[in-house]
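Visitor: Mind looking over this structure? Questions follow.
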Amino acid sequence: MSNILKGHIVRLEPLEEHHAEGLARASISDDGFYQWSPVPKGIDEARKYIQTAKEWKAAGMAEPFAIIRLLDNAVIGSSRIFNIERWAWKPGHPRHGREYPDAGEIGYTWLEHSAIRTGVNTEAKLLLLTLAFEKWQVFRICFHADNRNERSKAAIERLGAKFEGLLRSHRLAPDGIARDSARFSITAAEWPEVKQRLKKFLHRQ
């Protein structure tokens, strides 16, 4: 369902085994910036990370990507659309039996240290959202952040996503607790404005 997504700074390739060494190298520079997010450390964890992501993809649950910097073709991180939803449209409805999903979530995003606070994350999100809203024609994309992670919550709001509320004891966090998650979303009606917002951010960088 996914193809290579190419921007001006990065391209997103469907995550495969050959990205393992690149992910392992990219994670070396992590100094705790992603303490609330799962980042594979070393080649063994990278391979397991990719295997799990591909299992989710095979089950129709996710579309995982490696983030590649165009300047040097280096793997600098990963992201994915997951929690993919296919709604039970009744026979005869135009969306019944269609190939693409109706909603999903963007997450599992991390970058090597040198790519943080550059245009990489903005362009990666623009590419993923364009795929979701313009090719898949989804109704909604949501984001969840550990409620302790003020930086992540601010970054999601900066995209133009709307805060929906707090999900208590929502997910297992990397530090082994049942975290509360702040939930944000972008709807199809909001996408044109969000798209222009992200393009303006990229033009400034």
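Visitor: Which residue out of Thr122, Thr109, Thr130 is under 18 Å from Ser185 (Cα atoms) and part of a strand (DSSP E or B)?
Guide: On the way: Thr122 fails: part of a strand (DSSP E or B); Thr130 fails: part of a strand (DSSP E or B).
None of the other options fit; the residue is Thr109.
Visitor: Can you go through Ile156, Ile141, Ile186 and tell me which one is in contact with a strand residue (DSSP E or B) (Cβ under 6 Å, 6 or more places away or on another chain), open to solvent by less than 20 Å² (accessible area, probe 1.4 Å) and in a helix (DSSP H, G or I)?
Guide: On the way: Ile141 fails: in a helix (DSSP H, G or I); Ile186 fails: in a helix (DSSP H, G or I).
Ile156 is the lone residue from the list that is in contact with a strand residue (DSSP E or B) (Cβ under 6 Å, 6 or more places away or on another chain), open to solvent by less than 20 Å² (accessible area, probe 1.4 Å) and in a helix (DSSP H, G or I).
Visitor: Tally time: how many residues in the range 72-106 are part of a strand (DSSP E or B) and within 16 Å of the chain's Cα centre (by Cα)? It would help to see each step written out before you state the result.
Guide: So the first thing to find is which residues in the range 72-106 are part of a strand (DSSP E or B), and the list is 74-85, 103-106.
Adding the requirement that they be within 16 Å of the chain's Cα centre (by Cα) leaves 75-85, 103-106.
Selection size over the range 72-106: 15.
Visitor: Right, here's the next one. Could you count how many residues in the range 159-172 are in a loop (DSSP other than H, G, I, E, B) and touching a Lys or Arg at 6+ places or on another chain (Cβ under 9 Å)?
Guide: 1
Visitor: With respect to Thr122, determine if the residue is among the polar types (S, T, N, Q) and more than 15 Å from the chain's Cα centre (by Cα). Step through it out loud before you land on a result.
Guide: Numbers: among the polar types (S, T, N, Q): yes; more than 15 Å from the chain's Cα centre (by Cα): no.
Spelling it out, it is not the case that Thr122 is among the polar types (S, T, N, Q) and more than 15 Å from the chain's Cα centre (by Cα).
Visitor: What number of residues within the range 28-71 are outside any loop (DSSP other than H, G, I, E, B) and modelled with pLDDT under 90?
Guide: Qualifying residue count for the region: 1.
Visitor: Look at the range 180-205 and say how many of its residues are within 21 Å of Trp110 (Cα to Cα) and modelled with pLDDT under 95.
Guide: Summing the residues that are within 21 Å of Trp110 (Cα to Cα) and modelled with pLDDT under 95 in the range 180-205 gives 3.
Visitor: Which residue, of Asp180, Asp102, is surrounded by fewer than 20 Cβ atoms within 10 Å (Cβ to Cβ) and under 18 Å from Pro38 (Cβ atoms)?
Guide: On the way: Asp102 fails: under 18 Å from Pro38 (Cβ atoms).
Within the list Asp180, Asp102, the selection yields Asp180.
The values are calculated or read from the model by the stated rules, or taken from the named source; none is laboratory data. None of these values were measured; they are calculated from a predicted model. Because the Cβ atoms are built from the backbone with ideal geometry, glycine has one as well, and the counts that use them run over all protein chains shown. Accessible surface areas use protein heavy atoms only, side chains included; no ligands, DNA or RNA. Shrake-Rupley method; radii C 1.70, N 1.55, O 1.52, S 1.80 Å.
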